[in-house]
Every structure is written in C-alpha cells, then in structure tokens.
Amino acid sequence: MTEVMMSRRLFLSSATLAGGGLLLGFGATAKEAQAASANMTQYVAISSTGKVTIRAKNPEIGQGIKTSLPMIVAEEMDIDWTQVEVVTAPVNEKLYGGQIAGGSTSIPTNYEPMRRAGAAVRLMLLQAAAVKLSAPVEALQVISGVVHHKASGKQAHYGELAQAASKLTVPDPASVTLKDPKDFKIIGTAQGGVDSAKVLKGEPIFGIDTAIPGMKHAIFRKPPVFGAKFLSGNLDAIRALPGVTQVFVLKGTGNIQGLQDGVAIVADKWWQAKTAGDQLEVQWDEAIGKGHDTETYRTQADTLLKGTGDSLQSKGTAADVLANAATVVSARYEVPFIPHLALEPQNCTARASAEHIEIWAPTQAPGWGIRLLAKELNVPEDKITVHMTRVGGGFGRRLENDYMIEAAAISQKAGVPIKLLWTREDDLAYDFFRPGNLHDLKAAIDDQGRLAAYTAHGVTYGRDGKPSAGANISPHAFTSGVVEHFELRQSVIETTIPTGYLRAPSSNALAFVHECFLDEIAHALKKDPLTYRLELVNAQLASGAPQSPEGRNPYDFRRIKEILETLRTRSGWADFKASDGIGLGVATYFSHRGYFAEVAKVKVAPDGTWRVLKVWAVGDVGSVIINPFGAYNQVEGSIIDGIGQLKQCITFENGRAVQTNLHEVPLMRMSDTPKIDTHFILSDNPPTGLGEPALPPVLPAVCNAIFAATGVRIRTLPIEESLLARPS
Amino acid sequence: MISLKINGKPYTLDLPEDMPVLWVLRDELGLTGTKFGCGIAQCGACTVHIDGVPVRSCVTPLSVAEGTEITTLEGVSETAAGQALLKVWAEDDVMQCGYCQSGQIMAATALLMENPAPTDADIDMAMDGNICRCATYTRIRAGIKRAAGLSPADTREA
C-alpha cells in the first residue's frame, strides 16, 4: 500500500427526516453532500425520539473500524455511546470518500473528518436549542444528548431539536470547534464491537451467509497453473450429476486481477456443486507456467545478485566507503512467498445481467470492486451496486476482488442470482501471495567502529521488469536514516504467480531482513543490540538532521528513541540473564505511520523446536487510542500473525502452488501463543491505524532472540528447526 | 431418512447420507452460525457437538449423526458452560473478525463441560484444533478461565 496521507475537506448538508428529525449528509464536495441528503443516504440521523443512527463507511474485517469511526462522531456530538445505533453505509465513494480497509489508513484519513462531522451536528442542535430555550449558544451545555441551560434550568433533548436543526444552514466543518481531548468521554474507552452480539448468535452477517431469493450456488474451477487456458473437459458428464443446473466455461480476460479461464458449476446446493467439481476433469494448456519454480527462481536470484541491479535510492558514496572500510559485515537474507488464508474462504453473491450488477461481498475494497466490474464486464459503474458484508478476515487478500468478477460473470451467464463459494483449496491455489525476496547486504565499519556505509541489493518479483503488487523493496527508514552513505539496488525476477498485499506489505519481509542484519552489525561491534540502536538514534538526533521530513516515509527518530527507551525498561532488558536456550531479541520498525519497538523472549529446545514465551511491544500511534479493546487486540493479533509468518512457505512447480490446504501451511494456534505486554506512548502526533504497524518488528525480534539463545543466525525463512538443534 | 435432534428440536431429513453435517446445518437448515473454513478438519471453524462431544462437522457425514443430538452455536446458550462463555465473550470483546468464534465457543464449551477448572495446558490441548486467524488467543484463553470462575492470568512459562 502506498502511504499517502489523504486529506480532504468534508462538506455537510442537512435534510429533514420523515417524522421530523435531522439528517446529515456528507461528501467530498458541497454538491455531493447535498445529493447525499437528498438521496436519503444519510451519514448521521437523529430521530425525533432522540435515537442516533451513524453509518459506518469502511469495511469491517475484524479491525474494529465499524465501531471506532462512529465512536469518533458520537464523541463530538456529546451523546452517550449507548444511544447510538451503527449501520453499514452503502458503497458510494463519491459520497463517503474512500471506503477501504487497507494500509491502516481508516483512522488517519477519517479521524478529523469524523470529529468535524460530529461537531457540526452538535452545533446545529445547539443553534436549534438556542431558539427553543431562548438562550445564547454560549450559555448552553450538552450532557448525554440533552442540551441544558443552567441559568433557566430549561433543557431539551436532541430528538426534540432535530427537526428544527435540520432547517438550519450547515456550518462549514472546517470552522467548527472541536473538543479538547481531555474532555473525551467515548474516545479512549473500551467498547465492544457493534456487531459482536450478532456474531455470537450466529446471525447471517458474513459474506458466506448471504442468501437472496432464487439464488443458486456455484463453484468456479480454475486451472492449477496460473494463467493456463481451458482446452476441454467432461462438462456433459458433470451436467448430469445431482442438483447441477448448469455447467459452462468462462474465458479469461487476461487481467490477472480479473477473470481467469475456468469452469463454472451451478447447482441447487453448494455441496452438490462442490461434489460435482470433484468429478470434473479438464485439460488445460499449462505452458505458461513452465519454468516458474521455486528452485528456478533461486538460481535466477543468484545470477541477478552477481549483477548490480537498478539503483532505487542512493546517498553519499557507499561503494567507495565499503571498498576502503576497516571491516565489512555482509550477509544474504531470503524470505519465501507466503499466503493470506483469511478464515472465511473467498465468496461473493451476485445478481447480474448484461445491464445491471448487484453484489454482496466480503471485500476490503468495494469501490475498487465496482471499478473492476465495470472494466471486466463492460457494465457502467452507475449500474453496479456493491453491498458490504462483515468480512471473515482480510489481511490484504480482499483488496483483490477477483471473486466479485467471477460471481457476476457466472450470474450473468447463468441468468440467475448465484452465491460463489471457493473451497479452501481454491483459496490457497488462487491467492495473491506475499512475494518472496532475497537481499545481499553489506555494512562498512570504519576504523572508529562506526557504521559508515550500508548497501542492499534486493531481488524481488514482478512483470515487465517492475515489481508486482506487494513486491516493492522500499528502504529501511531506520538504517537509511542513521548512516551517511547508503545505497539500495533492485533486481526483478519475471513471474506468472499472482502477488499482492499481505498485512504490512513489504515491511513484513523487510523488517526481518534489515533488523536482523542490524543485530549482526551490533554483534560484530560487540555491542548490546538495544543499546547500539539507541546509540545510532542519539547520534542521528545529535547530527541536527531534520525529523519527519516530507516524503513517502517520514521518519522521526525522537519517536523511535522514546519507544525504545520505554521498551528497555518494560522488558527488563538490562537485567535479563541468559540461560540455556532462552534469549531476548529486539527490533524496531516504522510502517503505516506507526512506530513499534518489540522485545521477544524465545526458548529453543535442544531438538531445535522453538517457542516465543513473551513479547513486549511499545508503540507510538499518536495522541489517542480510540478504542482500547480493538487496539490491544490488533497489536496482539499482529504479533502472533508475525510469528506465524516465520513458519510459513509456499513453493511453486511449473507455475502452480505446491501446498494445497491448511495441513501444509502452519498457522498459529493456541499453544504457540506467547504472553504479550503492550504499551502505547501517547505522543503529540495525530492518531494512526493499528492493523499493521505492530507486525513487522516481531519477526526480527524473534530471530534475534533465537541468535541470543543459540548463536545461530536465522537468515532464511521459514525457520529451519534442524539448524537450531544442539548436541545434548 | 435420517432422524436426529438439533438444538433440542427433532428433524427427519431426506438428504444424502454422505452429506457433511456442516452443509446440512448451513444450507439445508439455515443455521449459519457454524462456519466453513477448510473442509478437512484442520481449522475447527465448523465445530459442533454431537451428543456433547466436539466434532468437525465439515468431515462428519450426516449418517454418523443418525439418532444423535447436535448442538450448534445457536443452541449452546442452553448449556451452563456455553452461556457463561458467551457472556464473557461479549464482555471482554474477544473477537476480531469473529468468523472462527463459533467454533472456539463450541470447543471451549465442550472443554468446560468435561473439565470445569482447566489448566493452561488443558486449554492448549482442547483449543489447539481451532484456528483464529486474527489470533485472539490471549483473550480466548483468559475468557475460558473467566467463564470457569478462575483467575484469567496466564500461568505458562514466560
């Protein structure tokens, strides 16, 4: 994900609700905001009885955004959280701005607009109250949605004021007064998810639970080799199977994110479609996959790393400094392709014709879905409706909407509404994998024992010479910031394998690579790895270099210093006494505008099996933690997820993934889970998202701890336990 | 014809004997609380009780359930353990995406029915078959202990 701060003005408009209430629309332009109210696509609605309905605009994938964004609005409105009903907004990015769950962007892009929307509603209600209570706005006070005029003892609740407020001119959100954060009553309190009760009752709110009238069930069997073409198959035999109503071939569009060649099987029930699919025999032209193997890729990488690659970033004269250095530390690091494996398999329900498409989908990017549908199926965007369902895990996989195209295309051809559901095998075979990469790293140490230069040559994957989705190897902000001479070079292996964004994309691999190598540098200098990091930070700060410069990766060493110092204390780093097979490791990382430093305590058994006993995490994600329930859950989940990535690997043979289901890809389980101590530093910075930034540092922290425990340096993932075994 | 009880209600089903219980529940009876995750008994999202024993319904043919009593998430609040767990799950906001939590609650209910005061090792053993991809394990562990009236503190080596 690109880390671009989207700032936009928010325009508001109002309308009167049927029955007399206030309806507040909002949009990116004043015209859109008026349309929002006129179309009854309200953002905040207050009924005459005082019930407040807030629409949650972004997809809920477990990150808690359906709860936290409305909390922000409610805070500025001065109502009680219990007065609020939250409903999912329709997908309309013209009205709501970006409706996306990706890049931990929902909080940073919406925090201030949500506050201003809430404050504008409050101001309108106060203006209506001023008339009703015959008192100036300044003399009024709001407590739990009731406006009080102290001097007269009169009061009016929001419901009584809503109709009058709806006739008023909407204030410019940019000019409304926001609360002093010290007066927050909702932001900063732990609130359960607004849909948790429905989940616990088993209500049909996930995409997979969607049922619409006349709906049939479908599977879509694609070739095991990415990009292979349909030649022939026993379709007639499949048509005769129980419950099967239609079997047909769909031809791919050539867009890797869109429709691929495949066979659709439509049946009365999903189990019938799936069972029929098990008997499907298809001949595919698999030539496209030839030579796309994990082993071939490694050979190509070895060759590319002997070359120079293309320069991505350079400062100073790193090559010269390296050539004349007193000491050079060098290492090669490698990470594999890994999958997403959200627990809810990909699915989508569609009612589609040549003219209209209606979609119910668990997606992280419904707006992208609309645009992709329009492009792939040649239906105008304004004839496409996408309904957001609850999403059974995203992790970046559902930024892709391939299942949406498939469901719509099948429904179009079948002439009936269908629910497409992938098997887990489909979900693994047709992932958009986190691509692997390899890195040759070199650090020059001068005769004073200082880190003088740092170079990295990374091999990643792509198409037409450019890294594909999720394959960027951006520089490590810490190292490139502390060293005077720096160079990053890149080479690209052409691949047919679909790649994509996995939670903390790029960073989930690069943190391991660069933060483990930094540990190597510290050990080469015979320095404590945490103290060494602080030395580098302090030297950088003493240099007078600007902090948080404008650019793609603004990095502020003051923030990393504070979390690192706090982490040292909380983890008991200085007092830890290494014992047999137990070690501590540290790492820091900055991604998605969040700063995290983590210490892992790892125990390695004599047979090489390892377990993370505890992780201490200290983060700086800005001035407030909006919903501590969600925030701590995100940090813990990120840490456990990151540890899991140390064990996973997808390999390829002739363009197909070798692993087929969960028995071949280890996922973290209860007994693998460490204790976790999470601490947030509340800084002066605006609040940012927590879906991702706590993940990257745990991978190197664990591997650095393994080194401390065993003396074995992990440079290749997944961790090979046999390398950690020691003689008894 | 297969006769059985589901959440206390009797059913006689005219369905193929080899149809997995998961799809009977979800697509035939509209009991969507039980989830499909992997289809090969690796993730536990489809966990239900058959005569009080936790099973993976994705690989359990309907014929196996003949004459039994199935309990799903929709009926688990009828058990004391299930009710206690659901209460804690809501109070502690255990879930993230929530997709696995049906299976987690069914596995945890079976554990507490069998063992009202589980140790951390017991919890590891009973819950390791249930993947939470969002990794809410810390809260699941604490939640099971709270529902059992135990201290939620994690007593494992750290």
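The values are calculated or read from the model by the stated rules, or taken from the named source; none is laboratory data. Just so it is clear, the model here is predicted, and its values are computed rather than measured. Quick reminder, even Gly has a Cβ in these numbers, built from the backbone with ideal geometry, and neighbours come from all protein chains shown. For accessibility, only protein heavy atoms count, side chains too; no ligands or nucleic acids. Shrake-Rupley method; radii C 1.70, N 1.55, O 1.52, S 1.80 Å.
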Check each of the GluC sites (Glu not before Pro) in the range B:1-98 and keep only those in coil by DSSP with at most 16 other C-beta atoms within 10 angstrom; list them in order.
B:17, B:66
Chain-alone versus full-assembly comparison, the range A:603-637, residues with accessible loss of at least 40 Å² (1.4 Å probe)
A:613, A:629, A:633, A:636
If R0 is 60 Å, what FRET efficiency do you get for residue A:268 and residue B:125 from their C-beta distance, rounded to 0.05?
0.90
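Could you pull out the trypsin sites (Lys or Arg not before Pro) across the range A:106-208 that fall in loop regions by DSSP (anything but H, G, I, E, B) with no more than 16 other Cβ atoms inside 10 Å?
Working: sites: A:115, A:116, A:122, A:132, A:150, A:154, A:167, A:179, A:182, A:185, A:198, A:201; in loops: A:150, A:167, A:179, A:185.
Within the range A:106-208, the qualifying trypsin sites (Lys or Arg not before Pro) (loop, at most 16 other Cβ atoms within 10 Å) are A:150, A:167, A:179, A:185.
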If I model a spin label as a point 7 Å beyond the Cα along the Cα-Cβ vector, how far apart are those points for residue A:684 and residue A:374 in nm?
4.3
Please get the size of the charge dipole for the protein assembly as shown, origin at its Cα centre, with Cβ charges of +1 on Lys and Arg and -1 on Asp and Glu, quoted in debye to the nearest 20.
1620
Would you mind telling me the share, in percent, of accessible area of the range B:2-75 contributed by carbon and sulfur at probe 1.4 angstrom?
50
Structure shown: which of A:66/A:383; A:306/A:375; A:179/A:601; A:306/A:647; A:66/A:154; A:51/A:150 lie over 30 Å apart, alpha-carbon to alpha-carbon?
A:306/A:375; A:179/A:601; A:66/A:154
At R0 = 60 Å, how high is the FRET efficiency between residue A:332 and residue A:248 if r is their beta carbon distance? Nearest 0.05 is fine.
0.75
Rounded to whole Å, give me the distance from the Cα center of the range A:670-728 to that of the range A:586-658.
6
Quick calc: nm separation of the 7 Å Cα→Cβ label points for residue A:466 and residue A:450 -> 4.0
Looking only at other chains, what is the average number of their beta-carbon atoms within 10 angstrom of each beta-carbon in A:186-199?
3
Rounded, prolate or oblate: which fits the protein assembly as shown, taking a ≥ b ≥ c as square roots of the Cα gyration tensor eigenvalues, rounded meaning a/c under 1.5, else prolate when a/b beats b/c?
rounded
In whole angstrom, note down how far apart the Cα centers of the range A:215-266 and the range A:101-146 are.
52
What is the packing order of peptides A:304-314, A:409-419, taking the mean over residues of other C-beta atoms within 10 Å and listing the highest first?
A:409-419, A:304-314
In Å² (nearest 100), what accessible area is buried between B and A, both sides summed, heavy protein atoms only, 1.4 Å probe?
4800
With 0.36 nm assigned to each residue of separation and the Cα-Cα distance removed, residue A:229 to residue A:285 gains 19.7 nm
Å² of accessible area per residue within the protein assembly as shown, as computed with a 1.4 Å probe and no ligands counted:
36
Buried on assembly, the range A:271-287 (at least 30 Å² less accessible surface than by itself, 1.4 Å probe):
A:271
Relative contact order of the range B:2-75, pairs being alpha-carbon contacts under 8 Å that are 6 or more residues apart, as %
41
Looking at the range A:650-694, which residues lose a minimum of 20 Å² of accessible area between their chain alone and all protein chains in place, measuring with a 1.4 Å probe and not counting ligands or nucleic acids?
A:661, A:662, A:663, A:667, A:668, A:669, A:670, A:671, A:673, A:675
Subtracting the Cα-Cα distance from 0.36 nm times the residue separation, let me have the gained length for residue A:189 to residue A:558 in nm, one decimal.
130.1 nm
Of the accessible area of chain A, with the probe set at 1.4 angstrom, what percent is carbon plus sulfur?
51
Rounded to whole Å, give me the distance from the Cα center of the range B:29-70 to that of the range A:515-531.
51
Describe numerically, in nm with one decimal, the distance between label points set 7 Å from Cα along Cα→Cβ at residue A:323 and at residue A:278.
6.6
On Cα atoms only, tilt of B:80-91 relative to the major axis of chain B in degrees:
60
